[in-house]
Amino acid sequence: MRKKLEGNGLWESSRMMLPEHKESNLRKRQELKRRERRQLDEQELEEAERLLSSSLEARRVVRIAMFHPYEQTEVIGIVERIDTLQQRFMVDGEWFALRDVQGVAAESLDA
Amino acid sequence: MRDKRVIFLADCQSFYASVEKASHPEFQHQPVVVAGDPARRSGVILAACPLAKQQGVKTAERLGEALAKCPGLVVIKPRMQRYIEISQMITEIFQCYTDMVEPYSIDEQFMDVTGSLHLYGSPQELASQIQQRLLMETGIYTRFGISETKVLAKMACDNYAKKNDSGIYSLPVANLPETLWKLPIHQLFMAGSRMTAHFHAMGLPTIGDLARTPLPRLKEMMRRRFGKNSDINAELYWRIANGVDNSPVTPGTHEVAPKSVGHMMTLPRDYALLEEIKVIVLELTELVCQRCRGMGYMGQTVSVSCLGADYENMSGFSRQAKLMDPTNVTNQIYHAAVQLLERHWDGRPVRRVGVSLSGLTDDSEYQISLFEDPSRERSRALERTTDRLKARFGDSVILRAVSLAGNGQAVDRAAKIGGHYK
């Protein structure tokens, strides 16, 4: 009962909405959050390539922004392998697709 | 930033009927109603256009009565799916003006325009701009209540914007004594007929009388009538009357996990045999489990409710049982639901049946018990397949055999949303 007086309680408890309407609303809101895959330009590609291989060779920690349709995701770690044939790289034993790379930054160690 | 919020409540006039009039321009100057199927009990008026209302047609009355008053009435079958789509379209139009849009029902939505108002001028100008755009793009006339809180925006719309010529009314808190407080108490938001009678008996015939009663005094008055637990209601009504409501416009309000998943059905006739009612329980259980599986939940508490056919002499029950482990397998839930039905049903005819599942948990992992029913994994695989079929081709594409045996409602229900035709 107390809930009616808190937050959005008054409206949550009196709302009249069909479950089908709620679901369509949720789907639309999810779609609003949809992200597009960004195409890196030549310089960005070059920079990403340089940082990824320097991480592989010098075991330097990098921060790699990855594409995800609904979320902001990052991979942080040392690149352990690069598989150019299958266009993928490995960090911490897990493979990631190179085409999902949206940007690479060197991770400062004192952070 | 302004120190006061600017909140709109937008209400679509005769929503279903307006949608139908927009898609049938040939009926533009004729009285139109949207009504349920007359052959089944749902033959009532769901929405009447202003022309029909002028002839005395009222929402929720029987189709027969409406036709008697207005012989030239155009009767249209509901298309619920379309109304949901149009409502969604209106939400998207509102989102062009602010990202703070919260649907309150299919035809009412809140908007908080505090942050973007400076781009458009005064609140009235913005409301009028949106009103014209909606009329042009959807053919629907919308009324706007404007105020500093949601509850005042709602009452501004219901009590003033719906009745004036512009369909727009601004109700600032400072004006309450000359406006809202002069209105009779039944025009207060959330005051039903019973509560209205109580307020009259307490000597509070207007909204102002309630608003000006000190809260401790009101609590005391309500305690005398409703007992000790009425303090919260007292505070609720007192706040509404004073326009006190700090609840935010909450766009993502449906993104929170549900507490329970349930379905309820009003039957086309009274069901008096256990076997018949069991078919309905199975169909409802199937729907509940299907929705749970779709959302990735399992539940541990099963509730079954039955409402008797005789409204004068209320009978029926609503009971729940807790399972050993959470599940979303239809047969497991059905088994528990039937046990509840057999134990608590008094044998009198039933008009309404409901099944719901609560105590929800994530279904991506579950405890395999030592003496696990080996059919469980197979049931899960089977249900994954039937759910996918239904999602793709509609709920009636694959059914249990009992649903075809005459008492079943699954085929009919699959053609409906909220009890009305899709």
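The values are calculated or read from the model by the stated rules, or taken from the named source; none is laboratory data. Since this is a predicted model, take the numbers as computed values, not measurements. All Cβ positions, glycine included, derive from the backbone under ideal geometry; neighbour counts span all protein chains shown. Ligands, DNA and RNA are stripped out before the accessible areas are found, and what is left, the full protein with its side chains, is counted by its heavy atoms. Shrake-Rupley method; radii C 1.70, N 1.55, O 1.52, S 1.80 Å.
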Globularity index of the stretch B:145-195, i.e. its alpha-carbon radius of gyration over 2.2 N^0.38 Å: 1.09
Förster radius 41 Å - calculated FRET efficiency between A:GLU31 and B:PHE317, Cβ distance, rounded to 0.05: 0.45
Probe 1.4 Å, all protein chains present, accessible-area order of A:TRP95, A:TRP11, largest first: A:TRP95, A:TRP11
Cross-link reach list, lysines versus B:LYS182, counting only Cα pairs under 21 Å and skipping chain neighbours closer than eight places: B:LYS150, B:LYS154, B:LYS162, B:LYS163
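Tally Lys/Arg at +1 and Asp/Glu at -1 over every other residue whose Cβ is under 11 Å from the Cβ of A:THR73; what's the total?
Details: positive: A:ARG35; negative: A:GLU71, A:GLU74, A:ASP100.
The answer is -2.
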Alpha-carbon Debye profile of the protein assembly as shown, log10 I(q)/I(0) at 0.09, 0.12 Å⁻¹: -0.90, -1.32
By average C-beta atoms within 10 angstrom, highest first, the peptides B:262-272, B:101-111: B:101-111, B:262-272
Around B:LEU274: net Lys/Arg minus Asp/Glu count, Cβ-Cβ under 13 Å: -1
Potential extension, B:ILE232-B:ALA257 segment - 0.36 nm per residue separation minus Cα distance: 6.5 nm
Whole-angstrom gap from the stretch B:242-286 to the stretch B:310-380, using each part's C-alpha centre: 15 Å
Candidates B:GLU137, B:GLU377, B:GLU61: whichever shows maximal mean-square fluctuation once chain B is modelled as a Gaussian network with Cα springs under 10 Å: B:GLU377
Rounded to the nearest 10 Å², the accessible area of B:LEU204 at probe 1.4 Å: 10 Å²
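Averaged over peptide B:246-254, how many Cβ atoms belonging to another chain are found within 10 Å of each residue's Cβ? Don't skip to the end; give the middle numbers.
Values: counts 4, 9, 3, 2, 4, 3, 3, 8, 10.
Partner Cβ neighbours, averaged per residue: 5.
Once the Cβ-Cβ distance between B:GLU92 and A:ARG15 is put in as r, and R0 is 22 Å, what FRET efficiency do you end up with, to the nearest 0.05?
0.65
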The stretch B:1-88 - Rg (one decimal) and Dmax (whole number), Cα, Å: 15.6, 57
List A:LEU32, A:LEU52, ordered by accessible area with a 1.4 Å probe, largest first: A:LEU32, A:LEU52
Inter-label distance, nm, simple model (7 Å from Cα along the C-beta direction), B:LEU119/B:THR361: 4.7 nm
Residue among B:ALA22, B:ALA156, B:ALA234 with the largest mean-square fluctuation in a Gaussian network model of chain B, springs linking Cα atoms under 10 Å: B:ALA234
Tensor-based shape of the stretch A:42-106 (alpha-carbon gyration tensor, a/c under 1.5 rounded, otherwise prolate or oblate): rounded
Net +/- balance of residues flanking B:PRO172 in space, Cβ distance below 10 Å, scoring K and R +1, D and E -1: 0
Debye equation applied to the C-alpha atoms of the stretch B:166-324, log10 I(q)/I(0) at 0.10, 0.11, 0.14, 0.20 Å⁻¹: -0.68, -0.78, -0.96, -1.14
All Cα pairs of the stretch B:180-242, percent lying beyond 19 Å: 15 percent
Spin-label proximity, B:ARG194 to the stretch B:212-241 - amide N less than 12 Å from point 7 Å beyond Cα toward beta carbon: B:226
Cα-based convex hull, the stretch B:1-171, per residue volume (Å³, whole number): 111 Å³
Where N is the number of residues in the stretch B:260-421, Cα Rg divided by 2.2 N^0.38 Å: 1.03
Scattering curve values for chain B, log₁₀ I(q)/I(0), Debye with Cα scatterers, q = 0.07 Å⁻¹: -0.45
Protein accessible surface hidden between B and A, which excludes ligands and nucleic acids, total in Å², probe 1.4 Å: 2900 Å²
Per residue Cα convex hull volume in Å³ - calculated over chain A: 190 Å³
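What is the extension gain from A:LEU98 to A:LEU45, computed as 0.36 nm multiplied by their sequence separation minus the C-alpha to C-alpha distance, in nm to one decimal?
Taking 0.36 nm per residue and subtracting the Cα distance, the gain is 18.0 nm.
Hey, got the average number of other protein chain Cβ atoms within 10 angstrom for residues in A:4-16?
Mean partner-chain Cβ count within 10 Å for A:4-16: 6.
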For the stretch B:306-398, alpha-carbon Rg relative to the globular expectation (2.2 N^0.38 Å, N residues): 1.36
Fluctuation leader among A:ASP92, A:ASP100, A:ASP41 - chain A, Gaussian network, Cα springs under 10 angstrom: A:ASP41
Inter-label distance for A:ARG60 and B:ARG380, nm, one decimal - labels placed 7 Å from Cα along Cα-to-Cβ: 4.6 nm
Over 19 Å between alpha carbons, listed pairs B:LYS21/B:LYS77; B:LYS77/B:LYS416; B:LYS21/B:LYS58; B:LYS278/B:LYS422; A:LYS3/B:LYS228: B:LYS278/B:LYS422
Average other protein chain Cβ within 10 Å of Cβ, residues B:82-91: 3
Value of [θ]222 nm, deg cm²/dmol, for chain B, DSSP H segments ≥ 4, -39500 (n - 2.57) each, nearest 500: -11500 deg cm²/dmol
Pairwise label distance in nanometres, B:ALA174 with B:LEU215, each label 7 Å out on the Cα-Cβ vector: 2.4 nm
